[in-house]
């Protein structure tokens with residue numbers, strides 16, 4: 001497992017993107033906390049994250065490669081449109097999925113909804129360049145503390161990822177969840 005700083009990832013962007021497209025599991029920074037992620041179209045990689053996190057049933061969220069990707073693959077209502085215009089931001093929008101092939105079935109485990117983010121962070125541009133939806137979930141074992149620095153990354157996770165993009169201590173909080181699947185918007189703070 002290799003640790004890269006931002007400058008190294010940007011310098012070797014094409015190589016890192018190829019690894020992600022091929023199924024590498026990485027720990028990455030966001031505008032909130034560190035996440036663990038992979039190409040959301042790669043079922044094998046998604047299942048590997050499920051095993052690493054010990055999270056077998058709950059759906060994962062994704063970083064969308066663009067707003068256009070959201071329009072193409074999710075049900076867009078007036079409420080959804082208003083929230084998409086606010087992106088990038090520290091939100092995870094829960095949307096109804098209209099294109100069931102937009103992500104691997106392993107991402108949402110049969111749910112007809114999908115958690116979608118575009119972080120207010122340079123890593124979002126990296127995902128956009130990769131051109132694939134990208135699983136993003138907190139870098140921790142389900143139910144345990146999430147990673148704020150490389151020093152408190154659980155060794156059970158560290159040994160199972162291909163590389164880490166490390167930018168120093170990140171003491172953020174998980175994103176707010178905005179459920180836009182019902183008539184009444186529900187905002188869940190975590």
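The values are calculated or read from the model by the stated rules, or taken from the named source; none is laboratory data. What you are looking at is a predicted structure, and each value in this text was computed from that prediction instead of being measured. Here the Cβ is made from the backbone with ideal geometry for all residues, glycine too, and neighbour counts use every protein chain on show.
Residue 168 passes every criterion in (1) at pLDDT 90 or above; (2) surrounded by 13 or more Cβ atoms within 10 Å (Cβ to Cβ); (3) farther than 22 Å from residue 86 by Cα apart from (2).
Identify, please: which residue in the range 17-44 is assigned to a helix (DSSP H, G or I) and in contact (Cβ under 8 Å) with a residue 24 or more places away in the chain and is, among those, nearest to residue 125 (Cα to Cα)? Spell out how you get there, then give the answer.
Step one: of the range 17-44, the residues assigned to a helix (DSSP H, G or I) are 17-21, 43-44.
Imposing the further condition that a residue be in contact (Cβ under 8 Å) with a residue 24 or more places away in the chain reduces the set to 17, 19-21, 43.
Working: 17: 12, 19: 16, 20: 14, 21: 15, 43: 23 Å.
Of everything passing the filter in the range 17-44, 17 is nearest to residue 125 (Cα to Cα).
Residue-level check: of (1) within 30 Å of residue 68 (Cα to Cα); (2) in contact (Cβ under 8 Å) with a residue 60 or more places away in the chain, residue 110 misses just (2). Considered as a group, the residues in the range 169-189 that are touching a helix residue (DSSP H, G or I) at 6+ places or on another chain (Cβ under 9 Å) and in a loop (DSSP other than H, G, I, E, B) include one that is nearest to residue 145 (Cα to Cα), and that residue is 169.
State which residue is nearest to residue 30 (Cα to Cα) when the search covers only the range 144-159 and only residues that are free of Cβ contacts under 8 Å to residues at least 24 places away in the same chain and assigned to a loop (DSSP other than H, G, I, E, B).
Going through the qualifying residues, I end up with 149.
Residues 180, 95, 114: which one is crowded, with 20+ Cβ neighbours inside 10 Å, over 19 Å from residue 30 (Cβ atoms) and touching a strand residue (DSSP E or B) at 6+ places or on another chain (Cβ under 7 Å)? Going through 180, 95, 114 in turn, the sole match is 180.
The sole residue among 128, 186, 89 that is without any contact (Cβ under 8 Å) to a residue 60 or more places away in the chain and either within 14 Å of the chain's Cα centre (by Cα) or surrounded by 12 or more Cβ atoms within 10 Å (Cβ to Cβ) (or both) is 89.
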